[in-house]
Amino acid sequence: MTKKWHRVPGYAFLTVFALFSLFPLYFMLVSATNTSRDVLNSKLIPGTHLLSNLQVLMDQTNLGAALWYSSLYAVGTTVLALVICSIAGYGFEVYHSKGKDIVMGILLLAMMIPFAAIMIPLFRMFADFGMVNSAWAVILPAVSTPFLILLFRQASRNFPHEILEAARLDGLSEIAIFARIYAPTMRATYSAAAVITFMTAWNNFLWPKVILVKNEYQTMPMLISNLSAGYVTDYGVLMLAVLIASLPAMIIFLVLQRSFAEGMTGAIK
């Protein structure tokens, strides 16, 4: 009984900080149902203006198009990034050599370069190829990241290489080994990479804002930015847009949270 009482302060401490962490989410939910004046007055009770805020949001913006383009960019980036980075991580570890270690070191150094430093050359390159205002211009810069390659490489170190040798003796090609043995075994790592990539691509604002010159191709972060850029901001409508933009990433994380934790620790099943 005494040991249980010793845990009370710890649970109380965690409960308080959990409430602090959940409060912004609660305030966002409540604000989406209130008027702009209520939001400015920090009203913490749900209101009755959810449908009216939704109607104003749909009248002022092209909400459906923004959701479609955000989904297109996020899903496209996630799928391509998982394929490319997993193959790269697999190659760096399974076909290990000193030369690949040097290349990996260069990739890790590239993580230290801020995106703003390469944004203008990147824009000029896509402009020369006539790819401004295209989905590929948004997706391609994010399909191969040093972090994801490193994540798959580290996870591959726990992969039993004896299985690879046995598969080669059985006559399987390298592509078949990767697709039929390696990829199914690394499901947790794929889930972790999918969560990270999808959330990053979904919330990406700077690069789509630069490369998507036409407003009709805007994403949800761009739509939210436009809502707050006017002379008068309707904060109820703005918070509803933020809520809608937050839901896909929240759903993806909740569905894959168990696999996400396993993948980040390098677990292989």
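Summary table below
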{"item": "Yes/no for Ile113 being over 18 Å from Ala241 (Cα atoms) and not in a helix (DSSP H, G or I)", "result": "yes"}
{"item": "Among the residues listed as Ile244, Ile251, the single one being without any contact (Cβ under 8 Å) to a residue 40 or more places away in the chain, in a helix (DSSP H, G or I) and surrounded by fewer than 19 Cβ atoms within 10 Å (Cβ to Cβ)", "result": "Ile251"}
{"item": "Positions within segment 34-51 being surrounded by fewer than 16 Cβ atoms within 10 Å (Cβ to Cβ) and basic (Lys, Arg), in sequence order", "result": "Arg37"}
{"item": "Of residues in segment 127-138 being assigned to a helix (DSSP H, G or I) and more than 23 Å from the chain's Cα centre (by Cα), the one nearest to Pro208 (Cα to Cα)", "result": "Ala127"}
{"item": "Segment 100-127, subset more than 22 Å from Glu216 (Cα to Cα) and not aliphatic (A, V, I, L, M), residue surrounded by the most Cβ atoms within 10 Å (Cβ to Cβ)", "result": "Lys100"}
{"item": "All helices (runs of 4 or more DSSP H) inside segment 146-231 with 1 or more residues being surrounded by 21 or more Cβ atoms within 10 Å (Cβ to Cβ) and modelled with pLDDT under 85", "result": "146-156"}
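The values are calculated or read from the model by the stated rules, or taken from the named source; none is laboratory data. On a predicted model such as this, the values are computed, not experimentally measured, just so you know. A quick note on method: Cβ atoms are made from the backbone with ideal geometry, for glycine too, and the neighbour counts reach across all protein chains shown.
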